[in-house]
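The next block holds one structure in the form of structure tokens; read it before the comments.
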Amino acid sequence: MKLQTLSLAPDAAGLGKAAHILRSGGLVAFPTETVYGLGADATSDVAVAKIYAAKGRPRINPLIAHVESRAAAEAQGIFTREAAILAESFWPGPLTLVLPLAAGATICESARAGLPSVGLRVPAHRITQMLIAATGVPLAAPSANLSGRVSPVTAADVREDLGGAIDAIIDAGRAQVGLESTIISCLGPEPQLLRPGGIARAAIESVLGRPLAAYATEATPRAPGQLASHYAPRARLRLEARDLEEGEAGLDFGGRFGIAANILDLSPGADLNEAAANLFRYLRDLDRQHPQIIAVAPIPEIGLGEAINDRLRRAAVKDE
Ligand code: TXA
Ligand code: MG
């Protein structure tokens, strides 16, 4: 069924309307500091089912529940010692903790894809926090894109993928971090990196005082979300490109390819935080020029570079 997707302002009236839709079991896309999320009441199987349907997302892929505070997270998940250190250091912020489900947790089974664990995040964005508070329940939210496609960093990106399929979008400008949260599992004896993201590995290892176990590769998926083809633009990506070939568009880093209409530089000054913030937007922008191939300059595997390279490698996989 085609819906009239409302555009809501990030003010009291807009948030009030959004909270009402969410409490009635509807879908609202909202901004966070990482990317835009597609939200539903995380305690309602009926509401959460609509997320999977709108995105075309496999139901075996669990969702992150966004909560207002550490205390709200403690009602849903069991905090190990390491989880407590990580929450203390990085919440609110772009960190998701996968924890054993607490007794009395209210996150519904479909949000967890039936798992006895839960992915929890306290977002740092003021509007997200106000929305969760106004709604009064945890919000399940994957990135607000069609499954397998590039994550949205503006309300316009969300509308491009999901306009007509969801009830409303809160427009609060561009997401600052530009990459999804770092996901750490605290289920086993030692914390494991399930997905690199907005908080760099080194920052996490520094507060834990030890290295993190390597994150799952495609050969050994640990998070059901570690599917091969993801973040896929229509064009093919040629990674680690030293120069640009005839007919290619270029996703540059550090001014290697020069200046032209078919080249976007993630960060001319080679700043990885800036590159992360521009990544998904530039992938979308270049894809709109309909090139066959997007050549991507090498990105160093340090800081947010690990997460950037992770997304680029997934975007380079084509499964047709
Ligand atoms: O920054 C973000 O994380 C954004 C914003 C909206 O918060 N959300 C996001 O959600 O990226 P999504 O659905 O695109 O990615 C969530 C990932 C999935 O790969 C899923 O497998 C993993 O979190 N996840 C969630 N709960 C889990 C669980 N109980 N066990 C293992 N993995 C889990
Ligand atoms: Mg996603």
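Matching residues to (1) touching a Ser or Thr at 6+ places or on another chain (Cβ under 6 Å); (2) within 29 Å of Arg210 (Cα to Cα); (3) modelled with pLDDT under 95:
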site: Thr5; (1), (2), (3): no, no, no
site: Leu27; (1), (2), (3): no, no, no
site: Thr32; (1), (2), (3): yes, no, no
site: Ser44; (1), (2), (3): no, no, no
site: Leu63; (1), (2), (3): no, yes, no
site: His66; (1), (2), (3): no, yes, no
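Pull up region 23-41, narrow it to residues that are more than 16 Å from ligand 2 (Cβ to nearest atom) and under 20 Å from the mean Cα position of the chain (by Cα), then point me to the one that is least open to solvent (accessible area, probe 1.4 Å).
First, pick out the residues of region 23-41 that are more than 16 Å from ligand 2 (Cβ to nearest atom): 23-26, 28, 41.
Checking the rest, the ones that are also under 20 Å from the mean Cα position of the chain (by Cα) come to 28, 41.
Working: Val28: 0, Asp41: 21 Å².
Among residues in region 23-41 that are more than 16 Å from ligand 2 (Cβ to nearest atom) and under 20 Å from the mean Cα position of the chain (by Cα), the one least open to solvent (accessible area, probe 1.4 Å) is Val28.
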Pick out the one residue from Ile294, Ile308, Ile302 that is of a type outside the set (Phe, Trp, Tyr) and assigned to a helix (DSSP H, G or I).
Ile308
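The values are calculated or read from the model by the stated rules, or taken from the named source; none is laboratory data. The model shown is predicted, which means the values in this text are computed figures rather than measured ones. For neighbour counting, all protein chains shown are included, and Cβ atoms are generated from backbone atoms with ideal geometry for every residue, glycine included. Keep in mind that these areas ignore ligands, DNA and RNA; they rest on the heavy atoms of the full protein, side chains included. Shrake-Rupley method; radii C 1.70, N 1.55, O 1.52, S 1.80 Å.
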